[in-house]
């Protein structure tokens, strides 16, 4: 049996209608800093890589791109369409995180508090879903 080479997560990517607004949103709302800007000629895309510690998001602005469909803005309806859904990050304390997001007027889409765990989804400035989960602590 062939051994699979090691790999690790590098970044998630989202399409946005306004690159500058997205850079500002990811910075002010989630603390990401601009790492670099570049242009992908084959996609006619202006791109920014934003970074927070080891986490990265690649933000794409493409002229004429279609807006995010309404059903992709809410987790229960989004999972009814095939394809990538969201990225998820761990937070130490969901309630503390939600308090900060509400103070920053982030668009909190969905909050889950179940026996299997708790978390929330927020929408970025373009409506893309981002999940934050509080991992269960062993009893």
Taking the conditions exactly as written (touching a strand residue (DSSP E or B) at 6+ places or on another chain (Cβ under 8 Å), at pLDDT below 95 and loosely packed, with under 11 Cβ neighbours inside 10 Å), does residue 67 satisfy them or not?
no
Residue 113: passes all of (1) surrounded by 14 or more Cβ atoms within 10 Å (Cβ to Cβ); (2) under 27 Å from residue 136 (Cα atoms); (3) in contact with a helix residue (DSSP H, G or I) (Cβ under 9 Å, 6 or more places away or on another chain) but (1)
Selected residue (criterion: farthest from the chain's Cα centre (by Cα)) from residues of the stretch 25-40 that are exposed (fewer than 14 other Cβ atoms within 10 Å of the Cβ) and farther than 13 Å from residue 61 by Cβ:
36
Those residues of the stretch 30-51 which are modelled with pLDDT under 95 and either over 15 Å from residue 16 (Cβ atoms) or in the same structural domain as residue 108 (by TED's automatic domain parsing) (or both) amount to 41, 42
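Got a sec? Which of 121, 132, 110, 60 is in a strand (DSSP E or B), within 17 Å of the chain's Cα centre (by Cα) and over 26 Å from residue 34 (Cβ atoms)?
It is 110.
The values are calculated or read from the model by the stated rules, or taken from the named source; none is laboratory data. Remember, predicted model here, so these are calculated numbers, not experimental data. Cβ coordinates were reconstructed from backbone atoms using ideal geometry, including for glycine residues, and neighbour counts include every protein chain displayed.
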